[in-house]
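K.L.:
My questions all concern the structure below.
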Amino acid sequence: MPVEQLYDFRPVTTKDLPMIAGWLAEPEVARWWNDPETEIAEIRDHIDSISVEPLIVELDGKPIAYLQSYDPHMEDDHPYADQPFGTLGIDLSIGRPELIGIGHGSAIVRQFVEDLFREGVPRVIIDPDPANIRAIRAYEKAGFRAIDRRQSVYGNVVLMAIDAEEGDAEEGDAEEGDGKEGL
């Protein structure tokens, strides 16, 4: 049976950067991100990147979240380059505070991961801060499992993964995660 597509994913443009900057200023988002100016500069650089794909998540035509996918094998010395070839990493942050905690995080991640699996990606990873219990629970509900704890340039993280053969696992009802994780 076909999966209903609730969310649309579109590339970030420079016109989106002020909106993302506003999201980064939200307290529930800011606690999981670095300095907003640095983050916006990195997102701007990612617009033309071949290793990172920055996306806006839309619901009913309205932007609600920032999502990025990346290939850890395309960056020198990436801390997740030990993952199987073809693995992609993702980060998600819900931008609108009223949408945090009601199931969008796990639903967005699940839909995006299913799209990646259809494209042939064998594994998807995500790396929430260990203190971001809401995000960890949302990712677990989306089918991810913790595979490692790591300390890297990204800080202390819980490395979580889902493999394509697990992609058909039963979905749970979603609690909200807001990722990186935090937007």
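Read the figures in this text as sums done on the coordinates, not as results from a lab. The structure displayed is predicted, hence computed values, not measured ones. Here Cβ is always computed from backbone atoms with ideal geometry, including for glycine, and neighbour counts include all displayed protein chains.
K.L.:
At 7 Å along Cα-to-Cβ for each site, give me the label-to-label distance between ASP60 and GLU119 in nm.
P.N.:
If labels sit at ASP60 and GLU119, their model points lie 2.8 nm apart.
K.L.:
Quick one, which of [x] -0.44, -0.78, -0.85; [y] -0.49, -0.85, -0.93; [z] -0.27, -0.59, -0.70 is the actual log10 I(q)/I(0) by the Debye sum over Cα atoms at q = 0.09, 0.13, 0.14 Å⁻¹ calculated for this model?
P.N.:
[z]
K.L.:
Amide H to amide H, which residues 5 or more places from GLY95 or on other chains are under 5 Å from it, using H placed in the peptide plane?
P.N.:
ALA65, TYR66
K.L.:
Also, I was wondering about something else. Using a 10 Å cut-off around each Cβ, can you sort GLU75, GLU119 from fewest to most neighbouring Cβ atoms?
P.N.:
Working: GLU75 14, GLU119 8.
Lowest count first: GLU119, GLU75.
K.L.:
Let me ask something else. What list of ³J(HN,Hα) values in whole Hz, one per residue of the stretch 25-34 in order, does the Karplus curve 6.51 cos²θ - 1.76 cosθ + 1.60 (θ = phi - 60°) give from phi, with Gly and Pro shown as x?
P.N.:
For the stretch 25-34, the Karplus curve yields 7, 5, x, 5, 8, 4, 5, 10, 10, 7 Hz.
K.L.:
Here is a follow-up. Based solely on its DSSP helices, what 222 nm [θ] is calculated for the chain when runs of n ≥ 4 H residues each add -39,500 (n - 2.57) and the sum is averaged over all residues, nearest 500 deg cm²/dmol?
P.N.:
Working: 5 runs with 48 residues, N = 183.
It comes out at -7500 deg cm²/dmol, rounded to the nearest 500.
K.L.:
When only DSSP loop residues count, what chymotrypsin sites (Phe, Trp or Tyr not before Pro) in the stretch 26-114 have their Cβ near at most 13 other Cβ atoms within 10 Å?
P.N.:
PHE85
K.L.:
Shifting gears a bit: Write down the percent of antiparallel bridges among all DSSP beta bridges whose residues are both part of the stretch 24-133, to the nearest 5. Mind dumping the intermediate values first?
P.N.:
Numbers: 14 of 17 bridges.
Percentage antiparallel, nearest 5: 80.
K.L.:
Still on this structure: Only counting other Cβ atoms within 10 Å, I'd like TYR154, TYR139 sorted with the fewest neighbours first.
P.N.:
Working: TYR154 15, TYR139 30.
Final ranking by Cβ density, sparse to dense: TYR154, TYR139.
K.L.:
Would you work out the relative contact order for the stretch 28-70, in percent, from Cα pairs under 8 angstrom that are 6 or more residues apart?
P.N.:
Working: 34 pairs, mean separation 10.7, N = 43.
Once divided by the residue count of the stretch 28-70, the mean separation gives 25 percent.
K.L.:
Explain nothing, just the number: relative contact order of the stretch 7-166, from Cα pairs under 8 Å at least 6 residues apart, as a whole percent. Could you put the intermediate results ahead of the total?
P.N.:
On the way: 244 pairs, mean separation 27.9, N = 160.
Averaging sequence separation for qualifying contacts and normalising by length gives 17 percent for the stretch 7-166.
K.L.:
Which ordering of HIS104, HIS46 is given by a fewest-first count of other beta-carbon atoms within 10 Å?
P.N.:
Details: HIS104 24, HIS46 18.
The order, fewest Cβ neighbours first, is HIS46, HIS104.
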